[in-house]
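Novice: Can you keep this structure in mind? I'll have questions shortly.
The values are calculated or read from the model by the stated rules, or taken from the named source; none is laboratory data. Just so it is clear, the model here is predicted, and its values are computed rather than measured. Quick reminder, even Gly has a Cβ in these numbers, built from the backbone with ideal geometry, and neighbours come from all protein chains shown.
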Amino acid sequence: MLDTVVEKLLPEAGQKTLETMFFATPDRVSMDPHRPAGELIAASLTFHGTPPGRFGLLISERLAKTLAENFTGCDDVAQLLPAQVAGVIGELANMLCGAVLTELESNAYFDLSSPETLYVGSGEPDPDLSTGSRYPCRFEFPEGTLVFFFAFEEPV
Amino acid sequence: MAYSLMIVDDSAAMRGFILRVIELSGLDVGTCLQACNGQEALDLLRSNWIDAVLTDVNMPVMNGEEFVRRMEADEVLKSIPILVVSTDGSDHRVQSMLSLGAKGYVKKPFSPELLRETMEQLLGVSNA
């Protein structure tokens, strides 16, 4: 029952965040946890709440630039520095995680760590974000793919 | 009348987003100071008058809860209205921040329209 709640919450919270703050709507939503193709940005954070756990995401670099362009209002994505794009993706991780936890833990406090971001080349191993995660969520866009993972340290 | 605002958030991207939304809303912003945590914000507030503060909750060095608490404890700063803008939308957190003295709470993600309406209420601005 709670698994069903979480599995329903992830795409809902994800779509709301992407549409409201990043002005982007995915073409397709699934639970496919596989790494997106090509060069990526990875973001992760931990949360301390009831229950505690980890959140991570992998996003195609091209999609990340598009979302950063939308978020910052920059007309020319070439003007955005890699650090700026990474900062926007860190904030995306922060908001995705917070949006889900707010719904799951509305009667409890939770604290999020500052997100950590990392550029990952197409041939490089990605951070082990999916380990222990029972809750992946995947959004497909024309520019690329976003996959995010929740791993709770205790049963939800 | 041009308003002086302060945005407190450890994310430079989010500070920029909030500022852009406020400016695009038509609110007359004369000065907008930015700080990446509560301590930096308090240091700036010692020498700058601000009409309203928008603050996150989860920040390093000094979080939003302690920041609001310190502002309310200061005879001068306590008159500055505070709007919390945070990913933490749990009932406990919202009630806690409002009871500490924050005048409003906007949960992330938020629409530009919601932020604008809340700012107008906070500042007593009417666009009728």
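Novice: Which one of these does A:Leu118 not meet: (1) surrounded by fewer than 16 Cβ atoms within 10 Å (Cβ to Cβ); (2) within 19 Å of A:Gln15 (Cβ to Cβ); (3) among the aliphatic types (A, V, I, L, M)?
Specialist: Exception for A:Leu118: condition (2).
Novice: Can you tell which of A:Pro33, A:Pro26 is under 30 Å from B:Leu24 (Cα atoms) and in a loop (DSSP other than H, G, I, E, B)? Explain how you work it out, then say what you get.
Specialist: Numbers: A:Pro33 fails: under 30 Å from B:Leu24 (Cα atoms).
From the options A:Pro33, A:Pro26, the qualifying one is A:Pro26.
Novice: Any idea which residue in the stretch B:64-103 is farthest from the other protein chains (Cβ to nearest Cβ), counting only those that are under 14 Å from the mean Cα position of the chain (by Cα) and of a type in the set (Gly, Ala, Ser)?
Specialist: Filtering first and then ranking leaves B:Ser79.
Novice: Which condition number does B:Ser111 fail, the rest of (1) of a type outside the set (D, E, K, R); (2) in contact (Cβ under 8 Å) with a residue 60 or more places away in the chain; (3) within 30 Å of A:Phe47 (Cα to Cα) being met?
Specialist: Against the list (1) of a type outside the set (D, E, K, R); (2) in contact (Cβ under 8 Å) with a residue 60 or more places away in the chain; (3) within 30 Å of A:Phe47 (Cα to Cα), B:Ser111 comes up short only on (2).
Novice: Please give the helices (runs of 4 or more DSSP H) falling wholly within the stretch B:1-113 in which 1 or more residues are modelled with pLDDT under 95 and either charged (D, E, K, R) or over 23 Å from A:Thr117 (Cβ atoms) (or both).
Specialist: Numbers: elements: B:12-24, B:38-45, B:64-73, B:91-100.
In the stretch B:1-113, the matching helices (runs of 4 or more DSSP H) lie at B:12-24, B:91-100.
Novice: Need the failing condition index for B:Pro109 against (1) within 14 Å of chain A (Cβ to nearest Cβ); (2) within 11 Å of the chain's Cα centre (by Cα), just the number.
Specialist: All conditions pass for B:Pro109, except number (2).
Novice: Go through the stretch A:66-121 residue by residue and tally those that are part of a helix (DSSP H, G or I) and more than 22 Å from A:Phe152 (Cβ to Cβ).
Specialist: Here is the first cut: in the stretch A:66-121, the ones part of a helix (DSSP H, G or I) are A:66-72, A:77-79, A:82-104.
If we keep only those that are more than 22 Å from A:Phe152 (Cβ to Cβ) as well, we get A:66-72, A:77-79, A:82-89, A:91.
Number of matching residues: 19.
Novice: If I ask for residues that are within 14 Å of chain B (Cβ to nearest Cβ) and assigned to a strand (DSSP E or B), which ones from the stretch A:36-65 would you list?
Specialist: A:Ile41, A:Ala43, A:Leu45, A:Thr46, A:Phe47, A:His48, A:Phe55, listed by residue number.
Novice: Take the conditions out of contact with any strand residue (DSSP E or B) (no Cβ under 8 Å at 6 or more places or on another chain) and hydrophobic (A, V, I, L, M, F, W, C) and apply them to B:Leu77. Does it pass?
Specialist: Values: out of contact with any strand residue (DSSP E or B) (no Cβ under 8 Å at 6 or more places or on another chain): yes; hydrophobic (A, V, I, L, M, F, W, C): yes.
Yes, satisfied.
Novice: Do we find that B:Gly16 is under 11 Å from the mean Cα position of the chain (by Cα), of a type outside the set (Lys, Arg) and within 13 Å of another protein chain (Cβ to nearest Cβ) in this structure? Outline the logic, then answer.
Specialist: On the way: under 11 Å from the mean Cα position of the chain (by Cα): no; of a type outside the set (Lys, Arg): yes; within 13 Å of another protein chain (Cβ to nearest Cβ): yes.
Spelling it out, it is not the case that B:Gly16 is under 11 Å from the mean Cα position of the chain (by Cα), of a type outside the set (Lys, Arg) and within 13 Å of another protein chain (Cβ to nearest Cβ).
Novice: Within the stretch A:62-73, identify whether any single residue is in contact with a Cys (Cβ under 8 Å, 6 or more places away or on another chain) and surrounded by fewer than 22 Cβ atoms within 10 Å (Cβ to Cβ), and answer yes or no.
Specialist: Within the stretch A:62-73, the subset in contact with a Cys (Cβ under 8 Å, 6 or more places away or on another chain) is A:68.
Of the ones still in play, those that are also surrounded by fewer than 22 Cβ atoms within 10 Å (Cβ to Cβ) are none.
No, every residue in the stretch A:62-73 fails to be in contact with a Cys (Cβ under 8 Å, 6 or more places away or on another chain) and surrounded by fewer than 22 Cβ atoms within 10 Å (Cβ to Cβ).
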